[in-house]
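Undergrad: Before we start, here is the structure in question, set down as structure tokens.
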Amino acid sequence: MAKVLLVDDDLTTLQVVSELLRQEGHEVFPFSNGNAAIAGLTAHAPDLVITDLYFDKTRAQGLEVVEKARALSPPAEVIVITGFGTIETALRATKLGAYDYLEKPFKVEELKLCVQRTLSYSAARNETVHLRRQLKKKYGFDQIVGSAPKMVEVFKMIERVANTDSTILVLGESGTGKELVARALHYNSRRQFAPFVPVNCSALPENLLESELFGHCRGAFTGAIGDKKGLFEEADGGTIFLDEVGSMSAMLQSRLLRVLQEREVRRVGENRPIYVNVRVVAASNEPLEKRIKEGSFREDLYYRLNVIAIPLPSLRERREDIPLLTAHFLKGKMAPAASQPLRITRQAMEILRRYDWPGNVRELENALERAAVLCEGGLIQAADLPPHLLAAVQDTDLMPETQTAPPLPAVPDSAVYPLHPPGAPETASAAAAPGADAPIIPMKAYLQQQELAYLNRAIQQCGGNKEQAALQLGISVATLYRRLNAEEKEP
Ligand SMILES: Nc1ncnc2c1ncn2[C@@H]1O[C@H](COP(=O)(O)OP(=O)(O)OP(=O)(O)O)[C@@H](O)[C@H]1O
Ligand SMILES: [Mg+2]
């Protein structure tokens, strides 16, 4: 059932069509003149507008109804009714966003079909828009947490290159957020409404991966019972994410190189090229140069993929982000599933800050998830963390080169660490505040660090929009950029 606004100056048509649509279960608002219909658009917020193009003896008003209907939020779908010799105007109406047109005289069945088609198109489109909006929220910029200088570099890079078509190589140890970055690139580009297709290149044997990526035609091999589109074709208009690209076989490397050079794919068993418009983001958790030296990765492919490289820091290179990430997981990601608010003691936080995290952010997330289940009353204590964390941290205290690290605080493990969810204004200072074990650095450098963290927090809070961040900070955009750059140049 839909709300339909109907406009026609021919009263018989108005009556007959209204009755018909009501029989179909729709709510109908009939109008016989353009001005009243235009006022009716805002009053009734219809899902569908069916309008004649000629009424009141002028042509313009019909088109004006189309234009105003499409400008509603959400826009109404439009079907125009045309008489003999007005097809040209109907085409102009479709340019203004009308979905379809009906030529007078039309049959009842024609009208019904046209309405059904338009409404189901509209439903599908609304669903897609809604889904994509949700995805964008889930994978946007602000899901990547970090204020360490190396992460600020990453944010800047994503912002700079997201909306280009350049091939990107994301590098980083396992669990550093390579896929998160690839998604942020996609959802911050004009390709965001087309598919993002992730492929793990190490998960499939060579021939399966080949037919997954490029598709195959019927009979190409035993078991190929029909034609199948490859993932490159599925990603048309969007982004393909080739994870662990270093593990591709020599044959697949040369096929990939051809796709990057010629922008076309050939299905297995078929020689016909299919043009694809796909942006490639690749990732690797080991340096590809090593593979090139060993002879297992093509150098020419490497240069094609490595047009722009985004290196991600390991978590131990940005320990200052650990409290921020912990807050993101406990107060954000894990909060909906928890039966009570999650908190963490100072001692447990100290352990998180000292541990080396070979599995990076993913390992931190898993450790916190486990602790959240085991802990009592929502308060995570040192004893709730995986035992190997505690052991590793205590071991390092015994090693001579880390003797500068003070022993774990001898306070009872109940003092709560003040967590601030990412985005809260306090976080900048909380995250950047030097812990007891931080080395003393010159005052100027310290203040610069503080300022940078604060600026980045503001930018993150504004969803990456620097103009808005500057407004909130009460400084000009130029000043914001200058401060960001100055921090970079004078470490
Ligand atoms: N900077 C970050 N902020 C918030 N969450 C992060 C960040 N980096 C990683 N994560 C989280 O850690 C987990 C692992 O991230 P992701 O899958 O992107 O890593 P990866 O580098 O692709 O790992 P692998 O090499 O093992 O595939 C995900 O749940 C992701 O949401
Ligand atoms: Mg990954």
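Undergrad: Could you give me the residue pairs with C-beta distances under 8 Å whose first residue belongs to segment 254-271 and is in contact (Cβ under 8 Å) with a residue 40 or more places away in the chain, whose second residue is part of a helix (DSSP H, G or I) and small (Gly, Ala, Ser) wherever it lies, and which are 6+ apart or on separate chains?
TA: Val268/Ser211
Undergrad: When you go through Ala337, Ala367, Ala382 one by one, which is the residue that is closer than 30 Å to Ile459 by Cα, at pLDDT 60 or above and surrounded by 12 or more Cβ atoms within 10 Å (Cβ to Cβ)?
TA: Ala367
Undergrad: Further question on the same structure: Looking at segment 242-259, can you tell me whether even one residue there is in contact with a Gly (Cβ under 7 Å, 6 or more places away or on another chain), within 16 Å of ligand 2 (Cβ to nearest atom), assigned by TED's automatic domain parsing to the domain that holds Lys150 and closer than 17 Å to Gly177 by Cα?
TA: no
Undergrad: A further question on this structure: What about Leu180, is it assigned to a loop (DSSP other than H, G, I, E, B) and within 16 Å of ligand 2 (Cβ to nearest atom)?
TA: No, not satisfied.
Undergrad: Of all residues in segment 147-192 being modelled with pLDDT under 95, charged (D, E, K, R) and over 17 Å from Leu242 (Cβ atoms), which is nearest to ligand 1 (Cβ to nearest atom)?
TA: Applying the filter and picking the extreme gives Lys150.
Undergrad: Do the conditions hold for Ser202, that is, is it in contact with an Asp or Glu (Cβ under 6 Å, 6 or more places away or on another chain), more than 24 Å from Tyr275 (Cβ to Cβ), away from ligand 1 (no atom under 16 Å from the Cβ) and hydroxyl-bearing (Ser, Thr, Tyr)?
TA: In short, no.
Per-residue answers, yes or no, for (1) away from ligand 1 (no atom under 16 Å from the Cβ); (2) of a type in the set (A, V, I, L, M); (3) in a loop (DSSP other than H, G, I, E, B):
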| site | (1), (2), (3) |
| --- | --- |
| Gly226 | yes, no, yes |
| Gly237 | yes, no, yes |
| Leu256 | yes, yes, no |
| Leu260 | yes, yes, no |
| Val265 | yes, yes, no |
| Ile274 | yes, yes, no |
| Ala283 | no, yes, no |
| Glu286 | no, no, yes |
| Ile292 | yes, yes, no |
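Undergrad: With the requirement that a residue be crowded, with 21+ Cβ neighbours inside 10 Å and of a type in the set (Phe, Trp, Tyr), what does segment 158-207 give you?
TA: Answer for segment 158-207, where residues must be crowded, with 21+ Cβ neighbours inside 10 Å and of a type in the set (Phe, Trp, Tyr): Tyr187, Phe196.
Undergrad: Turning to a different aspect of this structure: Scan segment 321-343 and give yes if some residue there is within 16 Å of ligand 1 (Cβ to nearest atom), part of a loop (DSSP other than H, G, I, E, B) and small (Gly, Ala, Ser), otherwise no.
TA: There is no residue in segment 321-343 that is within 16 Å of ligand 1 (Cβ to nearest atom), part of a loop (DSSP other than H, G, I, E, B) and small (Gly, Ala, Ser).
Undergrad: A follow-up question, please. For segment 203-211, state whether one or more residues are in contact (Cβ under 8 Å) with a residue 24 or more places away in the chain, within 21 Å of Leu260 (Cβ to Cβ) and touching a strand residue (DSSP E or B) at 6+ places or on another chain (Cβ under 7 Å).
TA: yes
Undergrad: Give segment 1-33 a look and list any residue that's surrounded by fewer than 17 Cβ atoms within 10 Å (Cβ to Cβ) and among the hydrophobic types (A, V, I, L, M, F, W, C), or say none.
TA: Selection gives Met1, Leu11, Val16, Leu20.
Undergrad: What number of residues within segment 34-77 satisfy the criterion of being at pLDDT below 90 and touching a Phe, Trp or Tyr at 6+ places or on another chain (Cβ under 7 Å)?
TA: Adding up the residues that qualify gives 3.
Undergrad: Give the residues of segment 179-199 that are touching an Asp or Glu at 6+ places or on another chain (Cβ under 7 Å) and in contact (Cβ under 8 Å) with a residue 60 or more places away in the chain, sorted by residue number.
TA: Glu179
Undergrad: Would you mention how many residues in segment 344-385 are of a type in the set (Gly, Ala, Ser), part of a helix (DSSP H, G or I) and within 15 Å of ligand 1 (Cβ to nearest atom)?
TA: Within segment 344-385, residues that are of a type in the set (Gly, Ala, Ser), part of a helix (DSSP H, G or I) and within 15 Å of ligand 1 (Cβ to nearest atom) number 2.
Undergrad: Taking strands (runs of 3 or more DSSP E) that do not extend beyond segment 1-110, which have at least 2 residues that are closer than 20 Å to Ala123 by Cα and β-branched (Val, Ile, Thr)?
TA: Fully inside segment 1-110 and qualifying: 48-52, 77-82.
Undergrad: When the residues of segment 283-304 are narrowed to those that are more than 16 Å from ligand 2 (Cβ to nearest atom) and of a type in the set (A, V, I, L, M), which ends up surrounded by the fewest Cβ atoms within 10 Å (Cβ to Cβ)?
TA: Result: Ile292.
Undergrad: Let me ask something else. For segment 23-43, which residues satisfy the criterion of being within 22 Å of Arg117 (Cα to Cα) and either among the acidic types (Asp, Glu) or out of contact with any Pro (no Cβ under 7 Å at 6 or more places or on another chain) (or both)?
TA: Once the filter is applied, which keeps residues that are within 22 Å of Arg117 (Cα to Cα) and either among the acidic types (Asp, Glu) or out of contact with any Pro (no Cβ under 7 Å at 6 or more places or on another chain) (or both), segment 23-43 yields Gln23, Glu24, Gly25, His26, Glu27, Val28, Pro30, Leu41.
Undergrad: Ok, one more. Can you tell me which residue in segment 357-390 is farthest from ligand 2 (Cβ to nearest atom), limited to those that are among the charged types (D, E, K, R) and without any contact (Cβ under 8 Å) to a residue 24 or more places away in the chain?
TA: My answer is Glu376.
Undergrad: Condition (residue is more than 26 Å from Leu352 (Cα to Cα), modelled with pLDDT of 65 or more and of a type outside the set (S, T, N, Q)) applied to segment 421-442: is it met by at least one residue?
TA: Yes, segment 421-442 contains at least one residue that is more than 26 Å from Leu352 (Cα to Cα), modelled with pLDDT of 65 or more and of a type outside the set (S, T, N, Q).
The values are calculated or read from the model by the stated rules, or taken from the named source; none is laboratory data. Everything numeric here is computed off the predicted structure, so don't read it as measured data. A quick note on method: Cβ atoms are made from the backbone with ideal geometry, for glycine too, and the neighbour counts reach across all protein chains shown.
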